1. Quick query: amide H of Ile184 versus all other amide H atoms, modeled in the peptide plane; which residues come in under 5 Å with a sequence gap of 5 or more or a different chain?
2. Mind grabbing the accessible area of Asp41 for me, 1.4 Å probe, Å², rounded to tens?
3. What is the dipole size for the chain, taken about its Cα centre, with +1 at each Lys and Arg Cβ and -1 at each Asp and Glu Cβ, in debye to the nearest 20?
4. Ignoring ligands and nucleic acids, what accessible area does His205 show with a 1.4 Å probe (Å², nearest 10)?
5. Could you put Lys223, Lys194 in order of accessible surface area, largest first, with the 1.4 Å probe and the full protein assembly present?
6. Which ³J(HN,Hα) values, rounded to whole Hz and listed in residue order, are derived for segment 240-257 from phi using the Karplus coefficients 6.51, -1.76 and 1.60 in 6.51 cos²θ - 1.76 cosθ + 1.60 with θ = phi - 60°, glycine and proline given as x?
7. Classify segment 189-280 as rounded, prolate or oblate, taking a ≥ b ≥ c as the square roots of the eigenvalues of its Cα gyration tensor: rounded when a/c is under 1.5, otherwise prolate if a/b is larger than b/c and oblate if not.
8. On a 1.4 Å probe surface of the protein chains, which of Cys136, Cys236 comes out largest in accessible area, and what is the full order?
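The values are calculated or read from the model by the stated rules, or taken from the named source; none is laboratory data. In this text, all values refer to a predicted model and were calculated from it rather than measured experimentally. Cβ atoms come from the backbone with ideal geometry, glycine included; neighbour counts cover every protein chain shown. For the accessible areas, the whole protein counts, side chains as well, though only heavy atoms, and no ligand, DNA or RNA atoms are used. Shrake-Rupley method; radii C 1.70, N 1.55, O 1.52, S 1.80 Å.
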Amino acid sequence: MMERAVPGLMPGRTAVMAVVNITPDSFSDGGRITSVAQAVDTCGAYLEAGAHILDIGGQSTRPGALEVGPVVETERVAPVIRAVRQQLGPEPVLSVDTFRADVAEAALQEGVNWVNDVSGGSHDPAMLPLVARWRCPYVLMHRRGDSRTMDNLAHYEDVVGEVEAALLRQTATAQAAGVGPWQILWDPGLGFAKTTHHNLTILRHLSRLANHGYPLLVGPSRKRFIGAVLGQSDPCQRSWGTAATVCKAIAGGAAVVRIHDVEAMAQVAAMADALWRSPRDGPQPRAAA
């Protein structure tokens with residue numbers, strides 16, 4: 001069986017995915033980027049600071065966020081992706097953070113490499129066939145409900161086992177829709193329908209998920225559970241806590257960490273790689289179907 005490399009993933013090295021929010025209401029940096037030119041400058045700075053993947057999103061997924069609809073979301077992300085490709089060239093690995101197939105397709109047409117879907121294919125029935133058709137890497141995340149309901153659905157008897165089982169079900173559904181095993185990355189969905197205890201438990205047992213062979217993307221950056229542990233209400237003051245979770249994620253087998261503080265976390269990831277990984281380690285692409 002032929003294997004395909006996933007752009008942005010590197011043996012023995014954790015990929016740093018930088019959050020690029022083109023939104024006014026994201027939980028820690030909403031409204032920071034207000035123009036296409038500013039977005040391109042930010043992307044360039046993130047790449048210089050050590051990012052390997054740029055995750056561009058136009059819909060906040062924080063608890064309580066309102067859905068803006070596919071037209072507005074596309075109008076936010078498509079011009080940025082186009083400008084990044086025009087000004088920064090074909091080399092940067094770009095991801096679109098969306099749960100809508102229309103938005104994902106517009107982004108793919110503009111040159112993104114990955115689709116990062118917080119709904120794991122459950123929000124839009126057209127998403128999985130689209131990903132299958134484009135043969136692009138696909139981040140399949142675990143969550144329950146949506147931004148309005150997920151906080152009320154954080155009830156588990158065995159959070160690791162239940163997240164594991166849900167990811168396996170979602171993966172089977174994706175493959176039945178034609179998505180190749182090599183395309184799929186898993187995200188356990190820290191902060192999505194999970195309490196502080198649930199998030200910490202998942203991080204402690206991350207290797208159980210990694211053992212299934214799908215590269216893991218972990219996104220702890222600045223999240224509420226870090227604030228709860230530290231007693232820090234300001235998300236922008238949670239960098240040290242984020243650094244600890246990045247180290248734990250890498251020790252548990254994460255292939256990608258999704259973060260806001262690029263320069264600092266790129267250094268943290270490089271040091272964690274030196275401690276817990278060797279050049280022979282790293283995500284191995286799944287066999288193509």
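1. Placed amide hydrogens put Tyr138 under 5 Å from Ile184.
2. Asp41 exposes around 110 Å² with every protein chain in place.
3. Details: 26 positive and 28 negative charges, 111 e Å.
Roughly 540 debye for the chain.
4. Counting only protein heavy atoms, the figure is 90 Å².
5. From most exposed to least exposed: Lys223, Lys194.
6. Residue by residue, segment 240-257 yields 5, x, 4, 4, 5, 5, 4, 4, 5, 4, 5, 4, x, x, 4, 8, 9, 10 Hz.
7. Because a/c hits 1.5 or more and a/b fails to exceed b/c, segment 189-280 counts as oblate.
8. From most accessible down to least: Cys236, Cys136.
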